[in-house]
Every structure is written in structure tokens, then in C-alpha cells.
């Protein structure tokens, strides 16, 4: 036997040893060895929906874009109204190519200090972060600096009991803290950047911490009885139920914000003024409607349709599944697909081709499982 | 009765001309939570090494291959309502299908329990 020399170099997460100690099964993902599950995807999924789960998402890219004119510089690359984003506010946005194709989806937070230089904190997908950094370096003006916070880990605490557990650990943190808001927090020696956001459809927080302090924070949070570590497997089934697209599967340079159902990320001002990549094409799609649409599908039976399954209406092929799997909360399979606009209406009966058979499916609204984000001032 | 194993992590328990097929404990632990199983219908002809059943975890669908050539007598009806039996009792109540063996000499190439254990340990 000869050893293959062509083994892809996988990076280790700051919490690699911590995951293994807790019984995680590690798999390659986005260039890292990542925990796919600890006790099992179903149990972890249900735990997060009912209690609180701690996810290690340190593979994601944490970037700082800083300088006078940073908002305008970002607006040249994203369709969001960044100049209207106040300090401490988070917004979902999209990195677009010149054609309006989606290069990545990301979260942008205004982290400008009072009286300080404009500064924005971006969290981008792990698998695309190097391309994103190259794209930003190429297109940001020279006076805008781009820093990659590669010495920081990112943990997500998600679930209906996340706020209670976090408040018990860091008293006062959750006060006056709504969904899509962010703040810095000093927890002992730990300098944290916390946002109330996530990728599960539940209330939750994403916490940026120095890589060499990540183990302290993860250990402390998991000491709370509501909190268990949760793997990537449940992260995927949770986000699918929440109707949230996954870059590289539901989003790609071949998709655009309108077809993808992400037109909400194109701010009103930007619709009026344009000036973002692919604006001409995207504004036309907004006005005329996109020829294909990302839709949610509920399947009958228990067999799932996975990415790549063809969608049929009678004998006509009308689309392709981009994500699919079993929904633990609903007890049946669900999927996201791009289908012809004529087949995208709620209630449309379609068929999905799986292993040569046709599985009946119906277009349903997303999210499949209602979001339970925490809105300030809203009654519970 | 003798039980044999394949490198694809199926087991086959032979009783004369008939046999029962399932996936091993190692296989179920690798797959994780099983949410759907498709077993072959009675009368289906299956060939050694060819797809005979499908098992789906939350993450992915996997093929289950028939360890030998034969004709299916019965698919396990219990798996339709309770696919998690494959996790809880992979080498017992979570069996996939029973078949009549038509090429008994194919069994010679399969592993016994001891060899299979060594095979798994080497993975």
C-alpha cells in the first residue's frame, strides 16, 4: 500500500480538542475538520428547538472594513443601505458580482465607536471567505482597510432558552438587546462581540471571542444546564426548517437576489438609486418578476429529495432541488428548489424525481417552521 | 445458522436456502439517525453487490447492497413506521429483507464475524 500524498490540508478549529473530548464526530467542511454531531442529529435538533445549542462556527470569516467612506465603499459591492445602518445594528446582505449573481451572503454590523472612524464587521461563509477577501481587496478603495480577524473564534448560542442561559452567565447582556442588534461585552478577561442573530430560526446570539479564549467561553456556556454543544448536521436541518438558504447550495453566482427570494436585502434607497453590482439586471427582475423562484416544498411520505433532484409538473421539468432533507420538527421531508415562476405559487402540486421515482410534493410558504426571533417591544 | 459480513457493512444470516440481510452496527453508527428505509418488494431479484435497499439519515441517502444473488421473500414491514429500528437493533429487529439464495457459492467470499471485526478495526 502506498500513502497518498494528495491529502487535502484541513485546518483545525480553535475548539478542535474540546469537540473531540465531548464525543464529536469530525468531518471535513469548508476546509476545516468540523463537528457534524455529538449525540445524534435528531436529538441535537430537538434540543436546540426546545432549549439552547452551542454551535462552533469559527470556520466563518470575520472581517473588519474600516475607513472614512466605508459605508459608500460597501454599498458599491452590496445592495443594502449600509449608510443608514446605525452603530450596533446588524443587517443581512449579499456580495454580488457585476451581473448581480450572488458571490456570498453575509451579516454586516456597524461597529463604529462614538466619534470614531466608520467601521463595519462582516461575517461571511467559511467556504467562500478567501474568495470574498480577494474580491473585497480588489474592489475596496485603497483608503479603506480590510482586516481578517483570523485569531478569533465564533460561537452561536441558539434556542428559546439561549437568552436565559446567557443572561445568567453575563448579567445585563440581554437587557435592551433586540434581534439584529450587536454590542461589545467584557466578560472577565474576555473581550466579546455579541450579536442577537443566528441561523436556526430561533432566538439566539453569535459571540466572537479570541481563539485562545474560546474554550473558556464554550466551557462556561455549556456549564448551563440548558446548553449542549450541537454539530453541523443539526445546524443544517435547523436552517432548512427556518427556510434560510445555504450558500453553495441554494445560492451561487448563477442565482440572483430576486429569484432567491432575498429581495428584502435590497434596501428601498438602493432600489431607487441603484449603484450596486448588477443593479440594472436586478432592478429589472424586481419590476418584471424573476423567471425562476426559490420555493419551499413539503413532501408526502418519508423519502427525502436531496440537492439535484429534478422537479416536474406533469411531464415538464420545471426546476431543481437545491437543499432537502427530513424535518425533525414536522416529521416529514422538506426541500428548497428553484422552479419556474408559473409553478411557484403556494399549493402548487409538483413531483420530485428521486431514484427514478416521482415523489409528490407541494409548494408551501417558508419558513417551514415559524421563526421565533426576539423583537424588542414585541409581546412574547 | 451462520452470519457473514461484507466490506460495505451489510450482514447476512443464512438458514439453509434462505437468508436475512441488514446493515451492521458499525454502519448504523456511521450513518446516524435513520429517518427512512426503502426495502425491496417480495419477488424482486437482487444481484450480489447491486443496490437492493435505500437507507436515509437526516443528512444523506445511502444504498444498501445485496451480499448475494437471490429473490426477495419479504422486506421488513416494521421499518416503514419505525426506521429508527435500524439504529436501535441493526443486527436484530432492524433487518432489511429476507431472500432465497440462488448462488450459494457467493457466500464463500464474505467475511465471518471475526474477520469483519478486524476489518472495521482497520478503518
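May I ask you to list the residues of the stretch A:199-239 whose amide nitrogen lies under 19 Å from a point 7 Å from Cα along the Cα→beta-carbon direction of residue A:21?
Once the point is set 7 Å along Cα→Cβ of residue A:21, A:209-231 turn out to lie under 19 Å by backbone N, inside the stretch A:199-239.
Where does chain A land at 222 nm, in deg cm²/dmol rounded to the nearest 500, when only DSSP H runs of n ≥ 4 count, each adding -39500 (n - 2.57), divided by all residues?
-5500 deg cm²/dmol
For residue A:97 paired with residue B:60, estimate the spin-label separation in nm (one decimal), with each label point 7 Å from Cα along the Cα-to-Cβ line.
Calculated label separation equals 2.7 nm.
If the viscosity is 1.002 mPa s and the temperature 20 °C, what Stokes-Einstein diffusion coefficient in µm²/s follows for the stretch A:291-368 when Rh is the Kirkwood radius over Cα pairs?
Here the translational diffusion coefficient equals 181 µm²/s.
How many percent of all Cα-Cα pairs in the stretch B:2-111 sit more than 17 Å apart?
Value for the stretch B:2-111 (Cα pairs over 17 Å): 45 percent.
How crowded by other chains is B:28-35, given as the mean number of beta carbons from other chains within 10 Å of each beta carbon?
5
Determine, from the Cβ-Cβ distance of residue A:139 and residue A:342 and an R0 of 35 Å, the FRET efficiency 1/(1 + (r/R0)^6), rounded to the nearest 0.05.
Efficiency computed from Cβ-Cβ geometry: 0.40.
Starting from one equal scatterer on each C-alpha and no solvent at all, send me the Debye-based log10 I(q)/I(0) for the stretch A:127-242 at q = 0.10, 0.13, 0.18 Å⁻¹, two decimals.
Log10 of I(q)/I(0), two decimals: -0.36, -0.59, -1.02.
Say R0 is 45 Å: what FRET efficiency, to the nearest 0.05, do residue B:103 and residue A:151 get from their beta-carbon distance?
0.15
Taking the Cα centroid of the stretch A:51-73 and of the stretch B:37-66, what is the distance between the two, rounded to the nearest whole Å?
Centre-to-centre (Cα) distance: 44 Å.
If you average the sequence gap of Cα pairs under 8 Å that are 6 or more apart and divide by the length of the stretch B:2-111, what percent do you get for the contact order?
32 percent
Count, for each residue of A:285-294, the Cβ atoms from other chains sitting within 10 Å of its Cβ, then give me the mean as a whole number.
If you average over the peptide's residues, the count of other-chain Cβ atoms is 0.
Can you give the Rg/Rh ratio of the protein assembly as shown, where Rg is from the C-alpha atoms and Rh is the Kirkwood radius?
Ratio value, two decimals: 1.02.
Compute the distance in nm between two label points, each set 7 Å from the Cα along the Cα-to-Cβ direction, one at residue A:83 and one at residue A:225.
5.3 nm
Suppose only helical runs count, i.e. DSSP H with n ≥ 4. What mean residue ellipticity at 222 nm does that imply for chain B under -39500 (n - 2.57) per run, divided by all residues and rounded to the nearest 500 deg cm²/dmol?
One gets -4500 deg cm²/dmol as the mean residue ellipticity at 222 nm.
Ranked highest first by the average count of other Cβ atoms within 10 Å around their residues, in what order do A:328-334, A:355-361 fall?
A:328-334, A:355-361
Roughly how many Å is it from the Cα centre of the stretch A:276-332 to that of the stretch A:165-202, as a whole number?
Centre-to-centre (Cα) distance: 34 Å.
Read the figures in this text as sums done on the coordinates, not as results from a lab. All figures in this text were calculated on a predicted structure; none of them were measured in a lab. Backbone-built Cβ (ideal geometry, glycine too); neighbour counts: all protein chains shown.
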